[in-house]
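A.B. asks: Sharing a structure here in structure tokens format.
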Amino acid sequence: GTNIRTAPLPRIFAVFFNQNEAPVLMAPEVRAALNLAVPRDHIIEEVLKGYGQVIDGPLPPGVLGYTPNPSQTTNLGAASDLLEKSGWKKNEDGIWTKTDKKTKGSVKLSFRLSTASGPELKKAAEIIATSWRALGAEITLDIFEIGDLNQNVIRPRKYEALLFGEVVGAN
């Protein structure tokens with residue numbers, strides 16, 4: 001005799017890249033490869049217990065301006081191919097590196113992923129970091145209490161990559 005009803009919450013979770021703090025994220029092939037490596041379906045099943053939907057844009061379905069985009073599946077092989085075709089090579093530690101044409105120095109695919117200590121965000125960040133490490137990125141995971149994250153990371157924009165959620169209004 002139980003009746004369960006669900007009410008969609010127009011909320012999105014995304015990884016936001018700050019190219020001013022992590023110049024390696026300026027490279028379009030890096031962002032595209034990282035995007036291909038995120039296991040969205042696994043995160044929805046593991047973290048949200050199936051109560052979520054994969055979207056490939058900033059607006060969820062039902063919100064004014066939503067445009068459906070074909071969803072990408074996780075593909076570490078395609079992500080690696082993309083980096084390799086763009087001149088990236090794996091070093092002895094298995095981390096992607098590339099020679100910077102301007103400085104003639106080596107750039108390593110290495111950055112920090114910051115998020116809040118809430119169990120869902122923390123678990124999702126761990127899954128994403130694990131997947132990016134499997135791709136060949138060096139990822140440091142920084143977990144903050146929500147107040148610290150807002151005050152010391154988000155407001156001053158002191159993050160390289162930020163996993164965070166936002167409630168999106170219906171209009």
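The values are calculated or read from the model by the stated rules, or taken from the named source; none is laboratory data. Fair warning: this is a prediction, and the values are worked out from it, not measured in the lab. Every residue, glycine as well, gets a Cβ built from its backbone with ideal geometry; the counts of neighbours run over all protein chains shown. Please note that ligands, DNA and RNA were not included when accessible areas were found on the heavy atoms of the full protein model with its side chains. Shrake-Rupley method; radii C 1.70, N 1.55, O 1.52, S 1.80 Å.
A.B. asks: Taking a probe of 1.4 Å, how large is the accessible area per residue of the chain, in Å²?
C.D. replies: Value for the chain: 62 Å² per residue.
A.B. asks: For a distance above 15 Å, tell me the whole-number percent of Cα pairs in segment 1-74 that qualify.
C.D. replies: The share of Cα pairs beyond 15 Å in segment 1-74 comes to 66 percent.
A.B. asks: If you take the alpha carbon radius of gyration of the chain and divide it by 2.2 N^0.38 Å, what ratio comes out, to two decimals?
C.D. replies: Details: Rg = 17.4 Å, N = 171, 2.2 N^0.38 = 15.5 Å.
Ratio of Cα Rg to 2.2 N^0.38 Å: 1.12.
A.B. asks: Determine how large the accessible area of Asp148 is when every protein chain is in place; take a 1.4 Å probe and give Å² rounded to the nearest 10.
C.D. replies: 80 Å²
A.B. asks: I want to make sure I understand the PRE zone here: with the label point 7 angstrom from the Cα of Glu120 toward its beta carbon, which residues in segment 1-34 have backbone N atoms less than 11 Å away?
C.D. replies: 9-13, by backbone N distance to the label point.
A.B. asks: Same structure again: Long-range amide H contacts for Ala161: which residues qualify at under 5 Å (H placed 1.01 Å from N, peptide plane, sequence gap of 5 or more or a different chain)?
C.D. replies: It is Asn18, Arg112, Ser114, by chain and number.
A.B. asks: Of the peptides 103-111, 159-167, how do they stack up when ordered by the mean number of other Cβ atoms within 10 Å, highest first? Kindly include the intermediate steps, with their values, before the conclusion.
C.D. replies: Values: 103-111: 14.2, 159-167: 18.7.
Averaged packing, sorted descending, gives the order 159-167, 103-111.
A.B. asks: Below 8 Å, C-alpha to C-alpha, sequence gap of six or more: please give me the relative contact order for segment 64-163 in percent.
C.D. replies: 26 percent
A.B. asks: Please work out the Cα center distance from segment 72-111 to segment 1-57, rounded to the nearest Å.
C.D. replies: So the two Cα centres are separated by 22 Å.
A.B. asks: Would you mind telling me the share, in percent, of accessible area of the chain contributed by carbon and sulfur at probe 1.4 angstrom?
C.D. replies: Details: 5410 of 10600 Å².
The nonpolar share, carbon plus sulfur, comes to 51 percent.
A.B. asks: Quote the charge dipole size of segment 7-70 about the Cα centre in Debye, to the nearest 20; the model charges only the Cβ of Lys and Arg (+1) and of Asp and Glu (-1).
C.D. replies: 160 debye
A.B. asks: Additional query: ³J(HN,Hα) across segment 10-24 via Karplus (A = 6.51, B = -1.76, C = 1.60, θ = phi - 60°), whole Hz, x for Gly/Pro?
C.D. replies: x, 10, 10, 10, 8, 9, 9, 9, 10, 5, 6, 8, 9, x, 4
A.B. asks: Classify segment 91-167 from the C-alpha gyration tensor, please: rounded if a/c falls under 1.5, else prolate or oblate depending on whether a/b exceeds b/c.
C.D. replies: oblate
A.B. asks: What do you get when you divide the Cα radius of gyration of segment 46-97 by 2.2 N^0.38 Å, with N the number of residues?
C.D. replies: Details: Rg = 16.6 Å, N = 52, 2.2 N^0.38 = 9.9 Å.
Expressed relative to 2.2 N^0.38 Å, the Cα Rg reads 1.68.
A.B. asks: I've got another one for you. Out of Tyr51, Ile4, Ser80, whose Cα points farthest toward the positive end of the dipole of the chain (charges: +1 Lys, Arg; -1 Asp, Glu; placed on Cβ)?
C.D. replies: With unit charges placed on the Cβ atoms, the residue in question is Ser80.
A.B. asks: Among the DSSP beta bridges whose two residues both lie in the chain, what percent are antiparallel, rounded to the nearest 5? Spell out each step's value before the answer.
C.D. replies: Working: 12 of 21 bridges.
Here the antiparallel bridges make up roughly 55 percent for the chain.
A.B. asks: How much accessible surface does Thr73 have with a 1.4 Å probe, in Å² rounded to 10?
C.D. replies: Here the residue's solvent-accessible area equals roughly 100 Å².
A.B. asks: Per DSSP H run of at least 4 residues, take -39500 (n - 2.57); add these up for the chain, divide by its residues and hand me the 222 nm value, nearest 500 deg cm²/dmol.
C.D. replies: Rounded to the nearest 500, the figure is -8500 deg cm²/dmol.
A.B. asks: Calculate the FRET efficiency for Lys108 and Leu64 from the Cβ-Cβ distance with a Förster distance of 35 Å, rounded to the nearest 0.05.
C.D. replies: After rounding, the FRET efficiency stands at 0.25.
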